[in-house]
């Protein structure tokens with residue numbers, strides 16, 4: 001299973017779903033077509049916004065860093081924040097907001113503790129450039145990278161419950177190694193959380 | 001791509017039935033002038049209604065025989081344009097109360113044979129939308145593919161989605177607001193005072209005496225025009241440029257912006273009716289769909305079924321992005337299908353008239369899907 005399949009599995013049919021940082025609407029399209037979900041995206045990238053509108057998806061042009069007060073408490077069944085938290089100015093605040101808006105939330109993160117990033121830094125002495133972190137340090141949008149451990153500590157400190165978690169290796173699959181020692185062998189982690 | 005619809009001719013029809021107005025009065029034998037572009041398909045499912053703003057009219061695209069000036073939304077309506085006339089049948093009426101051919105204050109009352117003038121009833125956006133629904137009936141259009149408008153036109157598109165949820169598939173609400181602010185009403189009041197206090201206004205009966213309150217109308221337009229432009233646009237277009245290269249210590253128009261505004265005011269006062277202008281500003285002031293719902297906009301939106309696109313422009317201070325967001329947020333709270341675009345544009349409120357790439361792409365993607 002890949003991350004999108006897991007997300008699909010975690011979301012009940014006919015749910016109301018908000019995707020914060022929805023990109024070109026890849027996930028929303030699948031949820032809307034295959035899971036009967038009512039979907040809304042939030043995005044700031046202009047090309048992505050147009051791609052969403054072109055696919056008939058509802059999308060709001062909004063900067064998540066400027067706040068999400070316009071979304072009511074528990075107003076969506078599920079809030080998705082996929083590969084987005086690391087580009088935000090205030091990840092902790094964003095997590096609080098995500099769990100306020102959604103009855104449940106699904107968050108995916110790139111794991112900076114993955115063995116490839118550790119080795120890359122150790123041997124090259126340069127900021128790691130890997131499959132899940134493909135850009136140079138001065139070009140990346142990622143300003144708040146964390147490891148799986150870091151993320152779970154933050155959830156704990158913020159009284160956010162982790163209801164489910166799944167780990168994927170750098171080829172996007174759920175391997176035994178990633179399951180046994182995720183902080184070392186998972187490139188991506190996906191969490192189902194709630195307040 | 002991106003050609004004009006070419007030479008167009010306005011059409012006319014008389015609406016069937018009576019229109020009961022919100023003010024309690026009613027209108028009959030309503031004559032409507034309108035233009036159409038493109039072709040209606042067999043199942044009449046490709047029709048788009050264009051709603052005009054305060055000073056607009058039915059001439060939205062193309063040119064009249066022997067004239068050069070294109071319609072007010074020619075930048076967006078045409079073959080291959082954002083509102084693509086190769087795909088859609090586009091209808092733009094002159095609203096009732098207008099002064100370009102549809103029943104309005106400068107029409108003669110069929111019962112008395114006199115000009116309506118100041119006796120023309122004060123109508124509302126709701127009344128307009130109901131009159132446009134009668135027009136839809138006459139044209140055989142049961143359901144609009146979309147209703148689209150900018151500014152006051154956007155308010156009509158919004159009202160369409162509320163009042164006739166089953167007759168509209170999509171609504172494009174551009175550079176609009178859910179209601180006017182005190183500042184908006186204040187500017188309108190200055191415009192009204194300028195007209196009402198013109199000695200040639202004659203309590204609105206100027207047509208009977210062959211006069212026209214041009215000075216008042218000019219002043220009203222000048223004030224309005226300032227609110228349509230952004231500080232940025234005025235600065236880059238005029239700055240403090242002088243008509244001559246020195247100050248002359250006189251009260252004539254010395255700065256370029258002064259002569260520009262005077263010119264705009266003059267042209268407008270030659271082509272617009274003062275009673276219509278008063279009426280249009282009143283229609284704007286009265287617009288407030290949330291009023292019946294104790295100010296709860298999302299409750300006012302409950303009936304909506306259409307998919308909506310709300311668009312705002314960064315330098316618009318007349319109806320700023322925040323005003324559009326009020327609409328968007330109420331739609332989200334009401335769980336309606338809405339998309340929102342905030343377009344960077346230097347042209348202030350007038351931005352909705354310009355074919356900015358992102359804006360036109362967004363609008364065409366929305367309409368085409």
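The values are calculated or read from the model by the stated rules, or taken from the named source; none is laboratory data. Bear in mind the structure is a predicted one, so any value in this text is a computation, not a measurement. Note: ideal-geometry Cβ built from the backbone for every residue, glycine included; neighbour counts use all protein chains shown.
Looking across the range A:73-93, the residues that are modelled with pLDDT of 95 or more and buried (at least 22 other Cβ atoms within 10 Å of the Cβ) come down to A:76, A:78, A:79, A:80, A:81.
The residues in the range B:265-277 that are more than 14 Å from the chain's Cα centre (by Cα) and under 16 Å from residue B:119 (Cβ atoms) can be counted, and the count is 3. Residue count for the range B:209-233 under the criterion of being part of a helix (DSSP H, G or I) and either more than 28 Å from the chain's Cα centre (by Cα) or at pLDDT 95 or above (or both): the result is 15.
Restricting to the range B:5-19, name every residue that is in contact (Cβ under 8 Å) with a residue 12 or more places away in the chain and more than 30 Å from residue B:81 (Cβ to Cβ). Of everything in the range B:5-19, those that are in contact (Cβ under 8 Å) with a residue 12 or more places away in the chain and more than 30 Å from residue B:81 (Cβ to Cβ) turn out to be B:14, B:16, B:17, B:19.
If the condition is being closer than 28 Å to residue A:96 by Cα, touching a residue at least 60 places away in the same chain (Cβ under 8 Å) and in a loop (DSSP other than H, G, I, E, B), then the range A:130-173 contributes A:158, A:160, A:172.
Scanning the range A:5-24 for residues that are more than 14 Å from chain B (Cβ to nearest Cβ) and within 12 Å of residue A:78 (Cα to Cα) turns up A:7, A:8, A:10, A:11, A:12, A:13. Among what's in the range A:25-63 and is crowded, with 20+ Cβ neighbours inside 10 Å and over 15 Å from residue B:341 (Cα atoms), pick the residue that is farthest from the other protein chains (Cβ to nearest Cβ). For the range A:25-63, the residue satisfying everything is A:27. Across the range B:306-351, which residue is farthest from residue B:287 (Cα to Cα) among those that are in contact with a strand residue (DSSP E or B) (Cβ under 8 Å, 6 or more places away or on another chain), more than 10 Å from chain A (Cβ to nearest Cβ) and assigned to a loop (DSSP other than H, G, I, E, B)? Filtering first and then ranking leaves B:345. Taking the criterion of being more than 28 Å from residue B:278 (Cα to Cα) and exposed (fewer than 14 other Cβ atoms within 10 Å of the Cβ), the residues of the range B:243-268 that qualify are B:243, B:244, B:245, B:246, B:247, B:248, B:249, B:250, B:251, B:252.
Scoring residue B:303 on the criteria (1) part of a helix (DSSP H, G or I); (2) over 17 Å from residue B:149 (Cα atoms); (3) away from chain A (no Cβ under 14 Å); (4) in contact with a helix residue (DSSP H, G or I) (Cβ under 8 Å, 6 or more places away or on another chain) leaves a single failure, condition (1). Residue by residue through the range B:234-247, note down the ones that are out of contact with any strand residue (DSSP E or B) (no Cβ under 8 Å at 6 or more places or on another chain) and not in a helix (DSSP H, G or I). If the condition is that a residue be out of contact with any strand residue (DSSP E or B) (no Cβ under 8 Å at 6 or more places or on another chain) and not in a helix (DSSP H, G or I), then B:239, B:244, B:245, B:246, B:247 are the ones that fit.
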